[in-house]
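Please read the structure below before turning to the comments.
The values are calculated or read from the model by the stated rules, or taken from the named source; none is laboratory data. Treat the numbers as computed from the prediction; the structure is a model and nothing was measured. Here Cβ is always computed from backbone atoms with ideal geometry, including for glycine, and neighbour counts include all displayed protein chains.
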Amino acid sequence: MSAELEIKLCTKNLNFYYGNFKALENINSEIYKNRITAFIGPSGCGKSTYLRLLNRMNDLIDGTLVEGLVEIDGQNIYDSNIDVSELRRRVGMVFQKPNPFPKSIYENVAYGPRVHGVKNKNELDHIVEESLKRAALWKEVKHKLHTSALDLSGGQQQRLCIARVLAVDSEVLLMDEPCSSLDPSSTMKIEDLMFELKLRYTIVIVTHNMQQAARVSDYTAFFLVEEVDQPARLIEFGPTDEIFTRPRDKRTENYITGRFG
Amino acid sequence: MRKSFHEELGDLRKNVLVMGRVVEENVARAVESLLDRNSSLADQVIESDKKIDRMDMKIEQGCMVLLARQQPVAVDLRMINTILRMIIHLERMGDLAANIAQIAKEPTFDHYPSRIIDLFQEMAGLVQDLVGRSLRAFADEDRRLTLSLNDLDKPIDELYHQLIREFGQLHGDEELMNWATTMVLASRYLERIADHAVSIGERVAYLVTGNYADLHIVD
């Protein structure tokens, strides 16, 4: 792994509110390009909320308010001149439950590029093949591209959802518990895939599975709500090797060693 | 489930302390058997060393099971790592004590220079003190105590070199020279026991801080 770290995404003094309720407080963090960053913490610690702020998914909820900065390549994504659908193309999301469209495998992958203006059949074919290859699904589906995506196994559906993000030339993959509905062997396939994908993409993963965070990530961020009705805070951020062998903060240590949470 | 993991880890830690006590006792009894040429006490030490070997293996197995089943991290991982490293040192210390006891069983010699015995006894006292402190450092996870161990090893090394010089100056018949050879070995064993105790201290420092800078190479 090269020593130079480039910041892909960062947040500065970020606060986030649902109505009057402050859900996140003063989050400062950096997400490095071509690295895998894992967000960990107990349920309700704000890690998914924070993840969704990174491509403005929380805009879809009424009454939310963002204070502070969220930057991608140095540009604030909450600036008024930002094209949100373009932002979500660059920063794609994979959800906990695979959510393919009830269409063919081919159409699932081709949908995004079409929306973004690709009409040429050959070009679409190429994008579909390339995306499925990058998502390590091509070999399993190349003979049945025009059958329903819903007939795929859960693990295959999840890789299809990853292919869908890759098809629109994303730069960042946000993954919200991408393996929690998958069996161990599908989980391992997704994890192997993440290692390959980080050569081209920046990956952020929210996971409840601490071993998974320890296995796959380069950096780990630990979030915690210390008292009921208090906002979530980023307690510790650092190289995964250090977080899991010698965390600096006692609260991180207590959480990852199962002493609470 | 996690509670039982921490209980199991606590049990392993206690077993290390028990193993450490047996080692500490064996070092003391080995020295005593050598100075008194008490061959039945020496036999007890040699027999007891087998118990140390069994404890070593049992603790290692316990660690392997916890690593496989629990994937411990942070302070728990460092504790298991420390235990795995410590039992290697303790097992070696036990062997060295048994080696000293073995020498105690060899034919005695009555006309040895008392100066050498005095130096040996002084060295043995310092070694036993150092061993006790290293085990206490582990029991209390006392980093400050670990920091003092290296300094306590220095007079031991000096006494060892002084003994070697004394042996080098000995002249006499074969019986004396045979005795001297075994005592050189016994001194060397004691000096090695002290080094293992210092290494245990370094492991404890790493356990407490997680900082590899706390590990020095003992020569």
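Side notes on the structure shown:
- Among residues of the range A:20-37 being farther than 18 Å from A:Pro239 by Cα and touching a strand residue (DSSP E or B) at 6+ places or on another chain (Cβ under 8 Å), the one that is surrounded by the fewest Cβ atoms within 10 Å (Cβ to Cβ) is A:Asn26.
- Every test in (1) in a strand (DSSP E or B); (2) away from chain B (no Cβ under 14 Å); (3) closer than 17 Å to A:Gly44 by Cα; (4) among the hydrophobic types (A, V, I, L, M, F, W, C) is passed by A:Leu174 save one, and that test is (3).
- Scan of the range A:112-147 for residues that are of a type in the set (Gly, Ala, Ser), under 20 Å from A:Tyr201 (Cβ atoms) and part of a loop (DSSP other than H, G, I, E, B), ordered by number: A:Ala135, A:Ala136
Yes/no matrix, rows are residues, columns are (1) surrounded by fewer than 18 Cβ atoms within 10 Å (Cβ to Cβ); (2) not acidic (Asp, Glu):
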position	(1), (2)
A:Asn76	yes, yes
A:Glu86	yes, no
A:Val91	no, yes
A:Asn99	yes, yes
A:Asn122	yes, yes
A:His126	yes, yes
A:Leu132	no, yes
A:Leu137	no, yes
A:His143	yes, yes
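- Boolean, A:Val109 is farther than 24 Å from A:Pro184 by Cα, of a type in the set (A, V, I, L, M, F, W, C), in a helix (DSSP H, G or I) and modelled with pLDDT of 95 or more: yes
- For the range A:197-216, the criterion of being over 29 Å from B:Tyr212 (Cα atoms) and more than 18 Å from the chain's Cα centre (by Cα) is met by none of the residues.
- Yes/no for A:Glu196 being within 14 Å of chain B (Cβ to nearest Cβ) and among the acidic types (Asp, Glu): no
- Test result for B:Leu149, within 14 Å of another protein chain (Cβ to nearest Cβ) and of a type outside the set (D, E, K, R): no
- Qualifying position, being over 30 Å from A:Thr245 (Cβ atoms), in contact with a Lys or Arg (Cβ under 8 Å, 6 or more places away or on another chain) and surrounded by fewer than 21 Cβ atoms within 10 Å (Cβ to Cβ), among B:Asp43, B:Asp118: B:Asp43
- Residue under evaluation B:Ser4, criteria (1) on the phi < 0 side of the Ramachandran plot; (2) surrounded by 21 or more Cβ atoms within 10 Å (Cβ to Cβ); (3) small (Gly, Ala, Ser), criterion not met: (2)
- Residues in the range B:121-154 that are surrounded by fewer than 22 Cβ atoms within 10 Å (Cβ to Cβ) and more than 22 Å from B:Val204 (Cα to Cα): B:Gln121, B:Glu122, B:Gly125.
- Residue, farthest from the chain's Cα centre (by Cα), within the range B:74-108, restricted to residues that are within 14 Å of chain A (Cβ to nearest Cβ) and over 21 Å from B:Arg192 (Cα atoms): B:Ala74
- Complete set of residues in the range A:20-70 that are in a loop (DSSP other than H, G, I, E, B) and closer than 22 Å to A:Phe244 by Cβ: A:Asn34, A:Arg35, A:Gly41, A:Pro42, A:Ser43, A:Cys45, A:Gly46
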